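Rule-based calculations on the coordinates, nothing more; no lab input. Every value quoted in this text rests on a predicted model; they were computed, and no experiment measured them. Glycine gets a Cβ as well: all are built from the backbone with ideal geometry, and neighbour counts include every protein chain shown.
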Amino acid sequence: MRLRLAGSIAIQGLGAASTFAIGVLIAMLQGPEAQGRYGLVRSAADLLLALALFGLPQSLVHLMSQRGASAAGLERLSLRYAGALLALALLACAVALLAPGMVSWVDSPLGLLALLVGAIGWVLQGLQRVFVLCRGSALQFSWLSVTPSLSLFVAVAVLLLLGSQHYEWALAASGAVSALLGARQLRPLRAQAGWREGGAAPMGELLGAGAHAFAQSAALALQPWLTLLLLRQHGASAADIGHFVFAAYVYQAFALPASFVSPLLFARISQAAGAGRPYAIRAAVLQALAATAAGSLLCVVLLPWLVPRVFGAAYAPTVTACVWMALAGPLVVLNRLGVSVLLGWGRFRAASVHALWRALLVPACLLPCLVAGWGSGVSAAAASWLLVEALCAAAVLVMWKQGQATGSSPLPRPVKDEA
């Protein structure tokens, strides 16, 4: 099983590599201002994705694993949901035609439509991943998971060859390709004997569990979007925004691997809970944190030397911000895995409290750091992210301890040696 998990993580590593490659290519070929524009478009797409998914992937896993809901019925529900989102997108673009310039970083209502189509394609693919996760293999899930990143890399590379910065069209292409390949992955699963077995989805529980999971994904997506917004209001230039987006790739170097493992961990804990079996994860979490801490220290040592030499003097202002982001790495991993444990064990309310805590901390930490003038605005924003992750990690540990005290935690209690 460990070999399959390692293979799954290795495949999903292609998605992380593609994400970083996009940032590197834009940095080298188009500069900090283009990097900032890409960051605004991508953060908007990620926020739309988180809002539109509404925590449905987690609630679908919960219903199939612990409530015996029919996979066929849930898939039909997913398709109808994506269709409704597309209708809303068309309506939004019709409104944009009547109010040009309503979205300053998208050139036209047609560009807005491209951005929305891309986000909706990712939403449908995100729901399709649930069925592959629960009914397929870890390797199938991993290949489907990297589809958005790989297709976006190809689409952005084409734009770079054309000398274009219309990144919303790359998002549209990635969303369409991801949804089509997701549908292709579901074909063999629909032929399985148990695909149509099970009851109807209880809508109240679907929405209730989804709302709690939604709080977490929305808080994560809101963090970069709100940070860029506050930076702009604080007087940051387009180049400053690009510098912060570049530094955030260091943060993603830790967040992406954790996001690869989190769904698998969540599904296994949920399935074990549905079967009444314990699922101990303490050792795995400690090993992940140890590896992450080593990677964090390596980044702290190498980045101040590496960034100016590879990307030139134009990216020298990002060095301090990159170091802050690297120091946050182990905390990022602890938070992502910790929330997956809470969701898998059915502690949706605790996960929502954690998400609310993060959403409140982002402006509460960022604004004082900007006012205090901790270096440049870019460095101050990165330092605030480290502070946010530290305070969120403390909250996760408290929630785990509370779970152990009430007997609802999946973490095994330490066994005391008898003298």
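See the values below:
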{"item": "Sequence of 43, 376 once ranked by neighbouring C-beta atoms within 10 Å, starting from the fewest", "result": "376, 43"}
{"item": "Radius of gyration and maximum dimension Dmax of segment 305-403, Cα, Å", "result": "16.0, 50"}
{"item": "Residue among 242, 354, 225 farthest towards the positive dipole end of segment 203-410, charges placed on Cβ", "result": "354"}
{"item": "Charge-dipole axis of the chain as Lys and Arg at +1 and Asp and Glu at -1 on Cβ define it, positive-most pick from 18, 143, 327", "result": "143"}
{"item": "FRET efficiency estimate (nearest 0.05) - Cβ-Cβ, residue 205 to residue 90, R0 30 angstrom", "result": "0.45"}
{"item": "Rounded to the nearest 20 debye, dipole of the chain from Cβ charges on Lys, Arg, Asp, Glu", "result": "1120 debye"}
{"item": "Dipole in debye (nearest 20) - segment 193-301, about Cα centre, beta carbon charges: Lys, Arg +1; Asp, Glu -1", "result": "220 debye"}
{"item": "Geometric extent, Cα atoms of the chain - Rg, Dmax (angstrom)", "result": "21.3, 79"}
{"item": "Computed [θ] at 222 nm, helices only, for the chain once each DSSP H run of length n ≥ 4 contributes -39500 (n - 2.57)", "result": "-29000 deg cm²/dmol"}
{"item": "Net charge, residue 129 excluded, C-beta distance under 14 Å - Lys, Arg +1, Asp, Glu -1", "result": "+1"}
{"item": "Farthest positive-ward along segment 203-410 dipole, Cα basis, beta-carbon charges - from 378, 314, 269", "result": "269"}
{"item": "Sequence of 325, 203, 28 once ranked by neighbouring C-beta atoms within 10 Å, starting from the fewest", "result": "203, 28, 325"}
{"item": "Burial ordering of 243, 234, fewest other beta-carbon atoms within 10 Å first", "result": "234, 243"}
{"item": "Dipole in debye (nearest 20) - segment 226-383, about Cα centre, beta carbon charges: Lys, Arg +1; Asp, Glu -1", "result": "520 debye"}
{"item": "Global form of segment 8-166, assessed from the alpha-carbon gyration tensor, a/c cut-off 1.5", "result": "oblate"}
{"item": "Square roots of 5 times each gyration tensor eigenvalue, C-alpha, segment 203-410, largest first, Å", "result": "33, 19, 13"}
{"item": "Compactness of segment 160-279 as Cα Rg over 2.2 N^0.38 Å, two decimals", "result": "1.49"}
